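The values are calculated or read from the model by the stated rules, or taken from the named source; none is laboratory data. Keep in mind it's a predicted model, so treat the numbers as computed, not measured. Don't worry about glycine lacking a Cβ; one is built from the backbone with ideal geometry, like all the others, and counts go over all protein chains shown.
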Amino acid sequence: MVGGIIKAIPEDVVIYVLIRLPVKSIMRFKCTSKTLYILIRSTSFSNIHLNHTTTSQDELILFKRSFKEEANQFKNVISFLFGVDDVGFDPFLPDLEVPHLTTDYGSIFHQLIGPCHGLIALTDSVQTVLLNPATRHYRLLPPCPFGCPKGYHRTIEGVGFGFISILNDFKVVRISDVFWDPPYGYPEGRDSKVDIYELSTDSWRELEPVQVPRVYWLPCSEMVYQEAVHWFATIEEVVILCFDIVTETFRNMKMPDACYSIKQSRYGLIVLNESLALICYPDPRCAVDPTQDFIHIWLMEEYGVSETWIKKYTIQSLPIESPLAVWKDHLLLLQSKIGQLISYDVNSDEMKEFDLHGFPKSLRVIVFKESLTSIPSGSEHGTRVQKF
């Protein structure tokens, strides 16, 4: 009966109605008729749903944190949050324990990367889990099979994740430093290795040898923007290292003239007003002088052109560990030194503390909008897509 009614309604009208519903409601409609089941599962519908016009009111928060259970053992948890009139966050799904990622002290080095075409990558550098937070489907990527020659030591310094629209494919990139073993005291022995994983082929491959500057890890980096992954790296000064996931080439972008040192400053990357933005903030390990130390937010007006950096905001220094994300283009989400989620409104200069805590340095945030994007299942013998 329902199927007959649906068939009598023009498909474009059905689509117009469906794309305005929450993903949870759309998924329920799959069970009402074969017609809706086929439509909702189609790639074309998921793309229409992903790209339809939304507002900042549709933004949701994926919040990752760790809790200490034993001496060096941690539980990693993700929360699904929505904003309540800019005053706080409420869960819209139960908290979930993150599978597969490390649970030792290295939990503070976890990263969230994305969203890319509706998917988010959770990584501890060695393991990478792809997640659609709207459908709660996830998949652990297969391990990289490439090691390093005998007598050498390898450390994974940077991970990236992106979507190539012209190929309708996802890629994961890993940058490694390879040293003589033992790894310390031999700077001239450093080399670089770059590995690429393609979801369409469910396989890893090595790029031709390429020398890249050493990645300088920070909690608010490893960001994808304009089909390129961005890290901080050091040459003689700090630069933004970019990897174009389409052409698989590296380039360096200069920081603003006032931001290049790592002595007393730290940096974060965000997207603000649809532009690449840089946050420069005091090193949390150093004493902060409120009269001299400030947080600066720079906007790159023309992407890739270092001369177009402009200073957008100057904020009196806050007692923070690091920035995390920007929400609704005016609320800066940060983690405090004690592991609490806080926000700062760049328009009103108002700071708020939320009842959301975790182990210090372990907080991560991604702002996302719901999507129906499916996680590719890979080859016959590849890792399976699962549901929380």
Item to check | Candidates 333, 318, filtered to the one that is assigned by TED's automatic domain parsing to the domain that holds residue 222 and either assigned to a loop (DSSP other than H, G, I, E, B) or loosely packed, with under 14 Cβ neighbours inside 10 Å (or both) | outcome: 318
Checklist outcome for this item: Picking from 341, 372, the residue that is aliphatic (A, V, I, L, M) and closer than 21 Å to residue 110 by Cβ would be 341
Next on the checklist: Given the condition charged (D, E, K, R), at pLDDT below 90, in the same structural domain as residue 220 (by TED's automatic domain parsing) and within 26 Å of residue 63 (Cβ to Cβ), answer yes or no: does some residue in segment 293-314 qualify?
Outcome noted: no
Item to check | Enumerated strands (runs of 3 or more DSSP E) restricted to segment 110-181, each holding at least 1 residues that are crowded, with 21+ Cβ neighbours inside 10 Å and on the phi > 0 side of the Ramachandran plot | outcome: 111-116
Item to check | Failed condition for residue 107, given (1) in a strand (DSSP E or B); (2) crowded, with 21+ Cβ neighbours inside 10 Å | outcome: (1)
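Table: residues versus (1) surrounded by 13 or more Cβ atoms within 10 Å (Cβ to Cβ); (2) in contact with a His (Cβ under 9 Å, 6 or more places away or on another chain).
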| site | (1), (2) |
| --- | --- |
| 324 | yes, no |
| 327 | yes, no |
| 338 | no, yes |
| 372 | yes, yes |
| 379 | no, no |
Next on the checklist: For the structure I just gave you, tell me whether residue 15 is surrounded by 12 or more Cβ atoms within 10 Å (Cβ to Cβ) and at pLDDT below 80.
Outcome noted: yes
Next on the checklist: Please determine whether any residue of segment 317-327 is without any contact (Cβ under 8 Å) to a residue 60 or more places away in the chain, under 30 Å from residue 48 (Cβ atoms) and not aromatic (Phe, Trp, Tyr).
Outcome noted: yes
Item to check | Neighbours by Cβ (under 9 Å, 6+ apart or cross-chain): first from segment 235-255, at positive phi; second assigned to a strand (DSSP E or B) | outcome: 248/171; 248/173; 248/194; 248/196
Checklist entry - Residues of segment 338-359 being under 23 Å from the mean Cα position of the chain (by Cα) and outside any strand (DSSP E or B), which ones? => result 338, 339, 346, 358, 359
Checklist entry - Limited to segment 222-258, what total is found for residues that are over 23 Å from residue 199 (Cα atoms) and within 13 Å of the chain's Cα centre (by Cα)? => result 0
Checklist outcome for this item: Of the candidates 353, 307, 301, the one satisfying the condition of being of a type in the set (Asp, Glu) and without any contact (Cβ under 8 Å) to a residue 12 or more places away in the chain is 307
Checklist outcome for this item: Taking segment 208-218 and the residues there that are assigned to a loop (DSSP other than H, G, I, E, B) and under 23 Å from the mean Cα position of the chain (by Cα), the one that is surrounded by the fewest Cβ atoms within 10 Å (Cβ to Cβ) would be 217
Next on the checklist: Which condition from (1) more than 30 Å from residue 335 (Cα to Cα); (2) over 19 Å from the mean Cα position of the chain (by Cα); (3) modelled with pLDDT of 90 or more is the one that residue 189 breaks?
Outcome noted: (3)
Next on the checklist: So if I check each of 290, 282, which one is modelled with pLDDT under 90, buried (at least 20 other Cβ atoms within 10 Å of the Cβ) and more than 18 Å from residue 330 (Cβ to Cβ)?
Outcome noted: 282
